[in-house]
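Please read the structure below before turning to the comments.
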Amino acid sequence: TVGAVALDQDGNLAVATSTGGIEGQLKGRVGDSPIVGGGSYAANEACAVSCTGDGEIIMRGALAHEVYALVKYKGLSATEACREAVKLRDEDLKGDKGFIAIDKDGNVAIETNTNIMRCAYRIGEEEPFVAVWREE
Amino acid sequence: MPTYSIVIHGGAVTMDPSKMTPDLEAAIREGLQQALQAGWEVLHGGGSALDAVEAAVRSLENNEHFNAGRGSSLNKQGEVEMDASIMDGRTLRAGAVNSARYVKNPITLARTVMEKCKHVFLASEGAVEFALQHGLEMEAVHYFETEKARKEWLEIMQEEEKEPQEQD
């Protein structure tokens with residue numbers, strides 16, 4: 001799965017998520033990526049979120065919307081919201097989860113419970129950051 | 001200058017670090033850099049967040065080292081079926097597709113659904129027909145299939161064959 005979230009100079013947020021699914025999946029299987037609120041969500045008043053990981057888990061937790069709701073209604077930062085979403089009901093929603101998010105102020109968040117999170121970000125004209133491993 | 005920023009991902013997974021060869025890691029880093037640059041250039045030039053995320057994801061879809069577009073996984077029948085969605089935070093408009101085949105950039109199809117369709121979500125043949133109607137770029141099946149995906153698919157199928165059959 002791949003994804004992107006962005007904040008433009010007019011203060012607008014957007015998200016895009018795309019996937020090739022999982023190896024050996026049943027024909028017609030739908031993962032979280034195309035599900036609005038599942039693998040993707042964006043609303044200017046809070047944040048934009050794209051998810052990756054175990055699609056069935058992310059869908060059942062509506063985790064992109066969960067991050068949005070934690071930012072909007074609980075007042076968490078994007079990083080705090082993603083961190084909570086990673087841990088949300090882990091006893092029922094156990095699996096790989098990774099999130100990227102940007103809030104309305106341009107703060108970026110990358111959170112995962114996996115050892116690999118291929119990701120990158122750039123804020124304004126600052127130097128870009130690129131990582132493959134979570135520890136980077 | 002107002003704040004602008006972009007974050008991208010190329011997938012999160014728990015895997016044995018030894019499976020990540022130096023060459024693969026370098027290719028992934030290069031792909032991430034290219035995709036980030038594609039999206040950042042849009043934002044830096046004053047373009048919309050929507051254009052930026054589409055540009056970044058198209059770049060990743062065109063890179064065989066990521067599981068989307070070219071380089072997608074194969075389903076049980078050995079076929080590529082792709083899903084994508086896009087959402088505009090300003091208007092809450094969204095577009096999504098699933099089980100789309102042949103479409104070079106599913107994210108552009110999702111955006112076309114968002115902008116030119118009265119529905120939010122189109123599936124399989126309907127999504128492909130919509131792509132054809134709107135002149136989106138299509139590719140033959142072999143474009144999407146990589147040697148790595150075919151090898152992984154074969155391993156999974158061989159493992160499944162080893163499992164005892166439960167019917168008499």
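Every number in this text was worked out from the coordinates using simple rules, so none of it is lab data. Worth saying up front: this structure is predicted, and the values here are computed from it rather than measured. Cβ placement follows ideal geometry from the backbone for every residue including glycine, while neighbour counts extend to all protein chains displayed.
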Report task. Report the label-to-label distance for residue A:45 and residue A:105 in nanometres (one decimal), using points 7 Å from each Cα along the Cα→Cβ vector. Result -> 1.8 nm
Report summary line: Label model pair residue B:91, residue A:56: point-to-point distance (7 angstrom along the Cα→beta-carbon line) in nm is 3.7 nm
Report task. Please give the FRET efficiency for residue B:124 paired with residue A:80, using the beta carbon to beta carbon distance and R0 = 41 Å, rounded to the nearest 0.05. Result -> 0.60
Query raised in the report: Given A:87/B:151; A:97/B:76; A:72/A:104, which pairs have Cα atoms separated by over 22 Å?
Result: A:87/B:151; A:97/B:76
Query raised in the report: Using 1/(1 + (r/R0)^6) with R0 = 30 angstrom and r between the beta carbons of residue B:148 and residue A:92, what's the FRET efficiency to the nearest 0.05?
Result: 0.35
Query raised in the report: Mind checking the mean number of beta-carbon atoms from other chains within 10 Å of the Cβ atoms in A:25-33?
Result: 6
**Report entry** Relative contact order of chain A, pairs being alpha-carbon contacts under 8 Å that are 6 or more residues apart, as %
**Finding:** 20 percent
Requested in this report: Considering only A:20, A:75, A:95, give the residue with the highest GNM mean-square fluctuation for chain A, with springs between Cα atoms whenever their separation is below 10 Å.
Outcome: A:20
Requested in this report: Specify the residue with the greatest mean-square fluctuation among B:128, B:120, B:57, computed from a Gaussian network of chain B linking alpha-carbon atoms under 10 Å apart.
Outcome: B:120
**Report entry** Sparse-neighbour loop sites [trypsin sites (Lys or Arg not before Pro); the range A:70-131; at most 12 other C-beta within 10 Å; DSSP]
**Finding:** A:89, A:94
Query raised in the report: What is the extension gain from residue B:34 to residue B:141, computed as 0.36 nm multiplied by their sequence separation minus the C-alpha to C-alpha distance, in nm to one decimal?
Result: 36.0 nm
Query raised in the report: For the range B:43-112, rounded, prolate or oblate, judged on the Cα gyration tensor with a ≥ b ≥ c (square roots of eigenvalues), a/c < 1.5 rounded, else prolate if a/b > b/c?
Result: oblate
Requested in this report: Let me know the longest stretch in chain B that avoids all GluC sites (Glu not before Pro) found in a DSSP loop with at most 11 other C-beta atoms within 10 Å.
Outcome: B:1-136
Query raised in the report: So for chain B, what are the equivalent ellipsoid semi-axes in whole Å, largest first, each being the square root of 5 times an eigenvalue of the Cα gyration tensor?
Result: 31, 23, 13
